[in-house]
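Readers should treat all values here as calculations from the given coordinates under stated rules, not as data from a laboratory. Model, not experiment: these values are computed from the prediction. Cβ: placed from backbone, ideal geometry, glycine included. Neighbour counts: every protein chain shown.
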Amino acid sequence: MKLDDSVALEAVAERESLVVDGATRLFGTAVALRAVSLKVRPGEIVSVTGPSGAGKTTLARIISGLECLDAGEIRCRGGRFDRIAARHRRVAHMFESYALYPHRTVAENIASPLLALPAAERPSREGIRERVDELLALTEMTVLADRLPGALSGGQKQRVALCRALVQKPSVLLLDEPLAHLDAKLRHRLRREIRLRLKSGNAPAIWFTPDATEALAVGDRVVVLIDGEVRQDGTPEQIHLQPADIGVARLLGDPPMNLLDATLVDQIGVMTARHAAGTVTLPQRMRGATEFLPASGRCVLGLRPAAFDVLPTSTATDGLAGEIYTTEPMGKHMVVSVRVGADLVRAKVEPGSAWRPGDRVVLRADPARVLVFSAESGRTVDPGSHP
Ligand code: ATP
């Protein structure tokens, strides 16, 4: 490709990107969104995740024009999106509440956005049927094509709403919790299939979900929204390996990351975290970490369940000592909950392991996988990332 061509393609990609710039939305005195900024390029999937009340639905409604901005702007297709009426934005928005037409069949509901297009842009009858049939097959609903929404389960209604968003060729695609009510097997298959479709569709797409595991699986980039603010915007790997703060860390993993209060001690260059139930050795890259912490060295350790070895007390000289509280067989692994001091720590071990409640054990964390957060600011501490 010639340089001129790549410059021209980049200019088109810029023009067709969705840009949310400083979006702020208040409801009375409550701040639903505070200066939220993000960018989604054509063909890119950005997943927006955060706990209930984080502002995900409000952000989706602002982009599609159902909610107005108190400050900030939305740009797409080279202009101010937020100044265009909702019906002219060409946003395919799958609502968390489905919003199906009750008197139209499943197939008619799915076809409805195409039938509403101006005649010059509307596909032929056969073209519409083909697209609807393909989506019905994709979502395992072919046999339900002639049913009315009133005769569908919650998960089936959700799939109709999903198909109705996917049938369009929009300027922006928004999926608000698209797979929340589906069984695990269908959810996993559809994640993969929808991802492939979105990648080939070439519209900027945002996938909203409270499930951080799903967000990391489907997004090219992940934006973590908490209390209406963007806490982190990065690749799934960046979010997984280095969550920006304790709030982000709390959302990650199943079982979630263990967060333990500790004190960092620098013993002639060897960094150790002291906890009421023992010590955790930190990686070399944490040298100098105390500079980023209060003078007391107070910090919060982030320890993933898979980062631990569970050892008999007799063989371990360092680690966190405790007593097994519960064991949960989970198929591919077993989750062992261990009381260490006042904390309950969950560790993933081999399935069929012989540990039983009441056993005295030591938890030893792999130093390379230990995360440290400031107890004061909640922000991640990683001196190894500073030049
Ligand atoms: P969930 O995952 O539970 O759907 P969410 O991340 O989508 O949550 P929003 O529905 O966007 O969160 O809500 C963000 C905040 O704004 C919440 O505190 C909510 O109570 C508030 N909020 C949303 N809509 C309104 C409204 N119409 N009037 C008043 N407050 C609202």
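With only alpha-carbon pairs counted, each pair once and no self-pairs, how large is the Kirkwood hydrodynamic radius of the chain in angstroms?
23.5 Å
Pulled fully out, how much extra length does the chain show between R77 and V31, if you take 0.36 nm times their separation in residues and subtract their Cα-Cα distance?
My answer for the length gained is 13.7 nm.
Assign one of three labels to segment 1-143, namely rounded, prolate or oblate, based on the Cα gyration tensor with a ≥ b ≥ c the square roots of its eigenvalues; rounded applies when a/c is under 1.5, prolate when it is not and a/b is larger than b/c, and oblate otherwise.
oblate
Post the alpha-carbon centroid distance, segment 316-387 to segment 39-82, in whole angstrom.
Taking the Cα centre of segment 39-82 as reference, the centre of segment 316-387 is 38 Å away.
Could you check the spin-label model distance between L241 and S6? Points 7 Å from the Cα along Cα→Cβ, value in nm.
About 2.5 nm separates the two model spin labels.
Per residue, what volume in Å³ does the Cα convex hull of segment 258-385 take up?
It comes to 104 Å³ per residue, whole-number rounded.
In straight Cα distance, which lysines are under 30 Å from K56, not counting same-chain residues fewer than 8 positions off?
Straight-line reach from K56, under 30 Å: K39, K157, K169, K185, K199.
If you take the beta carbon distance between A145 and L344 as r and set R0 to 56 Å, what does 1/(1 + (r/R0)^6) give as a FRET efficiency, to the nearest 0.05?
FRET efficiency, A145 to L344: 0.70.
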